[in-house]
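Colleague: Sending over a structure as C-alpha cells; questions will come in a sec.
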Amino acid sequence: MIYPKFLDKGSSIGICAPSAGVGRKLESFDKSLAVLRDAGYDIIETANVRTDNVRSADGKTRGEEFNSLLENPDAEMILAASGGDYNIEMLPYIDVELLSNYPKWITGTSDPTNITYYVTTKLDIATMYGFNAGSFDWNELHEFQHNSLKFLRGDITKQHSFEYYDSNTDFSVSGNTLDGEVNWILSMPGIEEIFDKSSSPDSPKLIVEGRLIGGCIDCIAKLIGTPYDGTGEFVKKYPRKIWFMDNFAMSAFDLYLTMMQMKYCGYFEGTTAIVFGRTMFPDKSDEEYIAQLRQAIPDIPFIWNADIGHVEPCFTVINGAYGIVTCAQGKGVLEQALV
C-alpha cells in the first residue's frame with residue numbers, strides 16, 4: 001500500500017469540487033476554510049469550487065481541475081469541497097499515470113467515494129474518508145473534527161465511539177445538536193441475539209483486524225463492474241479486510257441486494273467484519289436493516305450504527321490502512337496503522 005506524504009505546517013491543500021459546488025453555502029464553507037488556515041495550511045482553490053450547482057462543472061472540466069492539483073507541486077493534498085451526486089462523471093478524466101507517479105492524499109466523504117475507492121482499489125494508493133473541505137463549520141469544533149485535523153499531519157489517533165450524535169438529518173436546518181445516544185449494534189454469526197448498550201458485561205466482544213476499505217455504499221454499488229472498480233485485485237492482494245460502509249439513502253432491501261451482489265462478486269472473501277454507519281433516514285427501522293443484513297451476510301460479523309459517514313460526529317478512516325476494530329456493549333474503537 002502506498003501512503004502519500006502528510007502535511008507539514010505551511011503546506012498547501014488543493015481544493016476542487018469533483019461533485020457539487022459550494023455556492024449555496026459560502027458562509028459556512030469559508031468558516032471551515034478559516035479553521036484549516038488557522039491549523040497552519042494554505043489553500044489553493046480551483047475555478048469552480050464556488051459554483052452554485054449540483055455539478056460544479058461538466059465532468060471533463062472537473063477532471064481537468066483535479067489534474068491541475070495533481071500537477072501543482074504546491075498542492076500537497078487534494079481535498080474535495082463537498083459531496084453531491086455526479087462525481088462519477090469525472091472518473092474517465094483523472095490522470096491515473098500522473099497520480100501513480102506522484103501520489104498525493106486524496107480526501108473526501110460521500111460522493112467523492114467514487115474517487116477514493118477507485119484510487120485505493122485500483123492504484124493501491126491510500127485515501128482518506130470522513131470529511132470534506134466544508135466539514136469544519138461548527139461554531140465550536142468537536143473532537144471528531146480535531147481528530148480529522150490530526151490525520152492531515154499524520155497523527156493517526158485511536159478513535160473511540162462518541163457519546164452522542166446529531167439526529168437532525170435535514171440539510172435545510174442549520175446548527176448542530178448532539179441529542180441522539182450513540183449505540184453500536186453488534187451481530188455475530190450463529191448467534192440469534194444482537195448486542196448493544198443494554199447488553200451485559202459478559203456478552204460477546206468483537207475484536208477484528210484487517211485492511212480497511214469502503215466509503216459511501218451508494219457510490220460503491222454503482223462502481224461494481226466498471227473500469228474504476230479494482231476490488232477484485234484488492235481482495236486478492238490483501239487477504240484480511242474490514243469493510244466500512246456509509247449508507248446515505250439505500251433502503252434495507254436495496255442494501256440487502258447490494259450485499260448479495262458484492263458477495264457473489266467475491267468481494268467479501270477474507271472479510272473479518274463489516275462496519276455500517278448510521279443511516280441518514282432515522283424513520284427507517286434498524287431492525288429491518290439488521291434482519292436483511294443477517295440474511296445477506298450470515299457468516300460475517302457486522303456492526304450497525306457505528307460512527308461512520310454522514311451522521312456526525314464520525315470517524316476519519318484511511319482506505320488501505322490496517323485496522324483493528326473493537327466493539328462491545330454499544331461502544332467501539334478504531335485503530336489504524338500505515339503498514
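Colleague: Out of region 205-220, which residues are open to solvent by 20 Å² or more (accessible area, probe 1.4 Å) and either aliphatic (A, V, I, L, M) or more than 23 Å from the chain's Cα centre (by Cα) (or both)?
Modeller: LYS205, ILE207
Colleague: If you take the residues of region 73-107 that are in a loop (DSSP other than H, G, I, E, B), without any contact (Cβ under 8 Å) to a residue 60 or more places away in the chain and open to solvent by less than 60 Å² (accessible area, probe 1.4 Å), which of them is farthest from TYR228 (Cα to Cα)?
Modeller: ASP95
Here is a yes/no grid of residues against (1) open to solvent by less than 30 Å² (accessible area, probe 1.4 Å); (2) outside the structural domain of LYS31 (by the TED database):
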| site | (1), (2) |
| --- | --- |
| THR127 | yes, no |
| GLY130 | yes, no |
| HIS146 | no, no |
| TYR165 | no, yes |
| GLY180 | yes, yes |
| TRP184 | yes, yes |
| GLU193 | no, yes |
| LYS197 | no, yes |
| SER203 | yes, yes |
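Colleague: Quick one: count up the residues across region 178-190 that are more than 15 Å from ALA273 (Cα to Cα) and in a loop (DSSP other than H, G, I, E, B). Before the answer, list the steps.
Modeller: So the first thing to find is which residues in region 178-190 are more than 15 Å from ALA273 (Cα to Cα), and the list is 178-183.
With in a loop (DSSP other than H, G, I, E, B) added as a condition, the list becomes 182-183.
Going through region 178-190 one residue at a time, the tally reaches 2.
Colleague: For region 108-117, which residues satisfy the criterion of being touching a Ser or Thr at 6+ places or on another chain (Cβ under 9 Å) and either of a type outside the set (Phe, Trp, Tyr) or open to solvent by 20 Å² or more (accessible area, probe 1.4 Å) (or both)?
Modeller: Across region 108-117, the qualifying residues are GLY108, THR109, SER110, ASP111, PRO112, ASN114, ILE115, THR116.
Colleague: Condition first: assigned to a helix (DSSP H, G or I), over 26 Å from VAL333 (Cβ atoms) and at pLDDT 95 or above. Can you find one or more residues in region 264-282 that meet it?
Modeller: Yes, region 264-282 has at least one match.
Colleague: Name the one entry in GLN292, GLN329, GLN261 that is surrounded by fewer than 20 Cβ atoms within 10 Å (Cβ to Cβ), within 17 Å of ILE207 (Cβ to Cβ) and more than 14 Å from the chain's Cα centre (by Cα).
Modeller: On the way: GLN292 fails: within 17 Å of ILE207 (Cβ to Cβ); GLN261 fails: within 17 Å of ILE207 (Cβ to Cβ).
None of the other options fit; the residue is GLN329.
The values are calculated or read from the model by the stated rules, or taken from the named source; none is laboratory data. What you see is a predicted model, and the numbers here were worked out from it, not measured in a lab. A quick note on method: Cβ atoms are made from the backbone with ideal geometry, for glycine too, and the neighbour counts reach across all protein chains shown. SASA here: full protein model, heavy atoms, side chains in, ligands and nucleic acids out. Shrake-Rupley method; radii C 1.70, N 1.55, O 1.52, S 1.80 Å.
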